[in-house]
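Asks: Take a look at this one; I'll ask things after.
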Amino acid sequence: MLSIFNQAQRHPNSTAILDSTGEYSYGSLWEKSSQIAAYLLEGQADLNQARVGFMLSPGINYVATLWGIWKAGGIAVPLCLTYPLPSLTYVIEDTNAMLLVVEPMYQGILQDYALEKGIRLLDVNHLQQKKATASLPQIEVDRGALILYTSGTTSLPKGVLSTHANLEAQISTLIHAWEWTASDHTLCLLPLHHVHGLVNVTCCALWAGATLQFLHPFQAEEVFSIFLDGKVNVFMAVPTIYFKLIAEFDSYSENQKKALTNCMSPFRLMVSGSAALPASVMERWKAVSGHTLLERYGMTEIGMAISNPYRGERRTGAIGTPLSGVQVRLVDEDYEEVAIGTPGEIQVKGPGVFASYWGKAEATQKAFTEDGWFKTGDIAVVERGYYRILGRDSIDIIKSGGYKISALEIEEVLRSHALIKDCAVIGIPNEEWGELVAAVLVTEAALDLSELKDWLKERLPSYKSPKVYQILADLPRNAMGKVVKNELKPLFS
Ligand code: MCA
Ligand code: AMP
């Protein structure tokens, strides 16, 4: 049996999930997921790593479907809830998912497409209406478990395939490092098509037998009102969310502030990650909650690799030391390890490192050194024993709101607009979002930016859409004809 199911089996009466529809025990999660597995199997003995896409709100149905896919022997492909149709179909076609599980509110967007392509579109509520039983296959941990999409230096996102063994390594590392237990109660408000929300929060809580409360969509006021219930003791978020919570806190009366600080100070743990945590946010959050945020570093391909300690000094601006079981080295351009204090690329090895980019053997091979180190593309330095991130080796990767965004993907979409002759997309520093997506356009004729925004809405999720624009007669290029993006940054200052 997969280790993530252990606590559920041991403590069927403990509360597993709290969501907007109610409270669910581990026993009922177990039953629901078995029922979903039986329906997905439809008489087959094993899904044999068939990809199953699912588009569900965070909550009991989400987790029961994830577990149901795993119990039936499938590979889970979580779909982003805010993707427009072209982004969804890209993922569905790339993984060749012939089974999709949705709830009614997401049925509309996929219905015609699924019909046209002969894909089975299953309503999650329907899956649970009738009792279904099936003998479930034995799942070996070296099977594929999950495909998450991540943007990189290629224009289209790549599917990161992790096996059950990879996930078990990622989860057990965090359970140990951050001392998760069955008495924990965490609030998940992060999207579930990324490692942060899915592995670090959801899977860790389930592995530990803890209570997992969902809030969707994120609303700062709601977060505080849940905190005031006094049950949550573990909280994880991206820096943008802490920024937004601080802004909400600042709008409260002195009495409300006091009550909130009092209810947050007994939390066991508050974590920040997915993007650099600004020192100003770290300091303000300490004043708001009494907590020194634990900042850690990870990536979709590797899970978490480096973390400030649960017990010990949490240093502002640093990401800490390698987690147990994760090998980390800093190297120069020739992949030689650099001396302490010299910046180098972070490379990682370990059982949590992903299996492959789905269907992309060449990209997978390029991502590793010949002796098996995964090349993160992040540049760091070790100072007084702790790693500190200095930046990335590519200007084309933007981190906004904790989301990794490829400038090239956005440029390709912009270039398909009839009035856009040329363009360049860059990230510009922003305290709230980390970076803001900015676009410089060369146009054929006058372009209405609000019409452009509407046009983009049908082609890109809103977090990838440029937030600021500049129009130029031409883009600055070097002798090789390559756009000099660094010269564009001052245009937005
Ligand atoms: C949305 N808006 C933005 C951005 N996103 N503006 C600037 N930059 C952005 N990135 C605008 C929208 O256009 C909209 O404006 C308004 O903000 C509200 O949009 P909405 O989508 O509703 O925003 P939100 O709900 O407030 O979302 C903010 C958020 C979200 C909660 C911080 O971005 C989020 O969930 N981020 C987490 C991403 C994450 O989990 N990353 C982990 C991947 P208007 O109303 O004018 O249209 S990294 C990972 O997994 C690795 C392994 C790791 O290390 O963790
Ligand atoms: P993703 O591919 O979406 O999983 O994002 C992974 C990337 O997020 C990493 O390669 C880093 O660039 C960035 N990242 C994650 N955690 C941190 C952190 N604590 N500080 C700075 N960057 C981070």
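Asks: Do we find a residue being within 14 Å of ligand 1 (Cβ to nearest atom), β-branched (V, I, T) and crowded, with 17+ Cβ neighbours inside 10 Å anywhere in the range 399-407?
Replies: yes
Asks: To continue, here is another question. Looking at the range 356-371, which of its residues are under 21 Å from A165 (Cβ atoms) and either at pLDDT below 95 or not small (G, A, S) (or both)?
Replies: Y357, W358, K360, T364, Q365, F368, D371
Asks: Being part of a strand (DSSP E or B) and either among the basic types (K, R) or more than 26 Å from L189 (Cα to Cα) (or both) is the filter here; which residues of the range 381-391 pass it?
Replies: V381, V382, E383, Y386, Y387, R388, L390, G391
Asks: Under the condition of being buried (at least 24 other Cβ atoms within 10 Å of the Cβ) and assigned to a helix (DSSP H, G or I), which residue from the range 38-60 is nearest to the chain's Cα centre (by Cα)?
Replies: Among residues in the range 38-60 that are buried (at least 24 other Cβ atoms within 10 Å of the Cβ) and assigned to a helix (DSSP H, G or I), the one nearest to the chain's Cα centre (by Cα) is I60.
Asks: Further, regarding this structure: Answer with yes or no whether A177 is modelled with pLDDT of 95 or more, among the hydrophobic types (A, V, I, L, M, F, W, C), surrounded by fewer than 22 Cβ atoms within 10 Å (Cβ to Cβ) and more than 13 Å from ligand 1 (Cβ to nearest atom).
Replies: So A177 fits the description; yes.
Asks: Continuing with the same structure: Considering only residues of the range 271-290 that are more than 14 Å from ligand 1 (Cβ to nearest atom) and surrounded by 21 or more Cβ atoms within 10 Å (Cβ to Cβ), which is farthest from D378 (Cα to Cα)?
Replies: Applying the filter and picking the extreme gives S289.
Asks: Just to be sure I understand, how many residues within the range 226-253 are within 20 Å of V281 (Cα to Cα) and acidic (D, E)?
Replies: Here the count works out to 2.
Asks: Scan (1) within 16 Å of ligand 2 (Cβ to nearest atom); (2) of a type outside the set (D, E); (3) closer than 23 Å to F368 by Cβ for the single condition V271 breaks and write down its number.
Replies: Here V271 clears every test but (3).
Asks: Which members of the range 5-34 meet the condition of being under 21 Å from E168 (Cβ atoms) and out of contact with any helix residue (DSSP H, G or I) (no Cβ under 8 Å at 6 or more places or on another chain)?
Replies: R10
Asks: Which one of the conditions (1) within 16 Å of ligand 2 (Cβ to nearest atom); (2) surrounded by 19 or more Cβ atoms within 10 Å (Cβ to Cβ); (3) under 30 Å from L390 (Cβ atoms); (4) not aliphatic (A, V, I, L, M) does T202 fail to meet, given that it meets all the rest?
Replies: Going through the list (1) within 16 Å of ligand 2 (Cβ to nearest atom); (2) surrounded by 19 or more Cβ atoms within 10 Å (Cβ to Cβ); (3) under 30 Å from L390 (Cβ atoms); (4) not aliphatic (A, V, I, L, M), T202 breaks only (3).
Asks: Considering the range 291-305 alone, what residues qualify as being near ligand 1 (Cβ under 10 Å from one of its atoms), buried (at least 22 other Cβ atoms within 10 Å of the Cβ) and of a type in the set (A, V, I, L, M, F, W, C)?
Replies: Hits for the range 291-305 are I302, M304, A305.
Asks: On to the next question. Quick one: how many residues across the range 216-240 are under 18 Å from G59 (Cα atoms) and either of a type in the set (V, I, T) or not in a helix (DSSP H, G or I) (or both)?
Replies: Here the count works out to 12.
Asks: Can you spot a residue in the range 119-135 that is closer than 27 Å to G298 by Cβ, surrounded by fewer than 20 Cβ atoms within 10 Å (Cβ to Cβ) and touching a helix residue (DSSP H, G or I) at 6+ places or on another chain (Cβ under 6 Å)?
Replies: Within the range 119-135 (the criterion being closer than 27 Å to G298 by Cβ, surrounded by fewer than 20 Cβ atoms within 10 Å (Cβ to Cβ) and touching a helix residue (DSSP H, G or I) at 6+ places or on another chain (Cβ under 6 Å)), the answer is no, since none of the residues qualifies.
Asks: Within the range 193-215, identify whether any single residue is more than 10 Å from ligand 1 (Cβ to nearest atom), more than 26 Å from V160 (Cα to Cα), in a helix (DSSP H, G or I) and at pLDDT 95 or above, and answer yes or no.
Replies: Looking for residues that are more than 10 Å from ligand 1 (Cβ to nearest atom), more than 26 Å from V160 (Cα to Cα), in a helix (DSSP H, G or I) and at pLDDT 95 or above, one finds none in the range 193-215, hence no.
Asks: Let me ask something else. For L190, indicate whether it is under 29 Å from S87 (Cβ atoms), surrounded by 16 or more Cβ atoms within 10 Å (Cβ to Cβ) and out of contact with any strand residue (DSSP E or B) (no Cβ under 6 Å at 6 or more places or on another chain).
Replies: yes
The values are calculated or read from the model by the stated rules, or taken from the named source; none is laboratory data. Because the structure is a prediction, the values reported are computed rather than measured. In this analysis, Cβ positions are derived from the backbone assuming ideal geometry, glycine residues included, and neighbour counts consider all displayed protein chains.
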